[in-house]
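Report on the structure given below.
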Amino acid sequence: MKKYVLSFISYLLLLGLFIPSCTQDNSITDGPEKSKEGAMMTAQLNEDLEVWEVDLLTLAKTEKLAHDLYSELSALFPDNPVFEHTAASELVHWTRISDLIATYDNLDDPTRDGDGVAYGPGVFDDENDDFTTVYSSMLDFAGDDVTKAFKVGYLIECLEILNVSKATTSATDAAISEALAVYSCLETAEPHHLKAYNWNLLKVGVEYNWELIADDFGDFFSEEDLTILDPVVTDILEDQTAPGNGGGGTCPGCGLGPYTNDCPCGLGPCGTTDGTTTATLSEAELNDLIYLVKLEKMAYEVYTTLGQTYSTMPILGNISEAEYRHWKVLQNLFVKYSETDPTKDGEVDLGIGLYNDDDMSDAYDEAITYGGVSLLQAMETGAIIEQLELDSLNNALGRTVLPDLTTIYNNFINADGAHLTAFEKHTN
């Protein structure tokens, strides 16, 4: 496979996988083994979800809810920048949670369809429609009253803080380090958003508290929820004083101020959408990302094509779905870092076997040719690609310190390790 893979035959010899051919009539019908050795391995498809997994999916819906509400409120109240700015931040948070979910082969993102496309405003894959109901009721409550809209923001930020806290606790108990890395960003950002909405309420003379929240929203939070929330919210807001009471300075994001710490615009203390600055990719990190996104696309397309040839073999279809999610996760990183995605032509994904890279296209062609000979060679093809992915991910992992790349690469390594085991099972 040119510079990417020596050739399928030589690579098979190196891996010790080359054995006599078999035909499609062999009784190989099971799907990939999705073992979970420790908390970071992919869970069995037929297992009940663990607490940390449920909390992760709930958090995805919570972040989308916040984004959808703030986007709508931004359109209703364009003169108040807090809605626009926090909507932008929540989009970042929602994307990070979705990216994390996509790395687990047994989890379906409740905020996106099977192709990874986000559902519309206020729409969730939610059996009881709880989040859709909250979305509608919050907009009805806000109406055309901006003060009520600020109250909605305050309430939703409390909900996010609560659900991040629950997710952090369950992920800590289960030792899910990659989830904790993502949650730490949210734990940093959500307090800034809460302060921003609290500032806006203070500006109009409203000192919001649990009693007033109950008056406006009834028993939205349970007594147990309030036991978690009360000390956290009290700690977040205890250093806020009325606007203009000294300290702070002019917000570098919107020019307002002075304020003690966080600005009502919702940009956080340093003029960014989540209280942090966006890192830039080094040349090595970008080169690794460019190669990996092409490799994930190729893996998805090879398994999909071979899966059509060997339609009685579910392993190819199952793993192709995982590779598709991995590809989409990496595509999101190009958006995040404002880099050009080599697997896209503008906003459109390139066609099958196209990667803006002749060598990768040749690798695709060779994989299809070799894997198309027999079912055994299709399994060997899968093992080769998974080993190549593992080698490339481990190399990339050694060349980055960025938390998001580290989390994603580690998750992919876990998943691809399970995929390799599944393919190897059918080559012996």
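The values are calculated or read from the model by the stated rules, or taken from the named source; none is laboratory data. Just so it is clear, the structure is predicted and the values come from calculations on it, not from any experiment. Positions of Cβ are generated from backbone atoms using ideal geometry, with glycine treated the same way; all protein chains shown enter the neighbour counts. Areas reflect the complete protein model, heavy atoms only, side chains present, ligands, DNA and RNA absent. Shrake-Rupley method; radii C 1.70, N 1.55, O 1.52, S 1.80 Å.
The table below lists the values:
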| item | result |
| --- | --- |
| The listed residue being part of a helix (DSSP H, G or I) and over 20 Å from D55 (Cβ atoms), out of D144, D215, D219 | D215 |
| Check on S137, in a helix (DSSP H, G or I) and open to solvent by 10 Å² or more (accessible area, probe 1.4 Å) | yes |
| Tally of residues being open to solvent by 40 Å² or more (accessible area, probe 1.4 Å) and assigned to a helix (DSSP H, G or I) across the stretch 93-131 | 2 |
| Which numbered condition T86 misses (of (1) within 18 Å of L56 (Cβ to Cβ); (2) open to solvent by less than 60 Å² (accessible area, probe 1.4 Å); (3) not small (G, A, S)) | (1) |
| Of all residues in the stretch 317-345 being in contact with a Pro (Cβ under 9 Å, 6 or more places away or on another chain) and not polar (S, T, N, Q), the one that is surrounded by the most Cβ atoms within 10 Å (Cβ to Cβ) | I319 |
| Residue that is farthest from D105 (Cα to Cα), among those in the stretch 366-410 that are charged (D, E, K, R) and in a helix (DSSP H, G or I) | E366 |
| Flag if D288 is in contact (Cβ under 8 Å) with a residue 40 or more places away in the chain, outside any helix (DSSP H, G or I) and either crowded, with 21+ Cβ neighbours inside 10 Å or touching a Leu at 6+ places or on another chain (Cβ under 8 Å) (or both) | no |
| The stretch 381-396: number of residues that are hydroxyl-bearing (S, T, Y) and within 16 Å of L306 (Cβ to Cβ) | 1 |
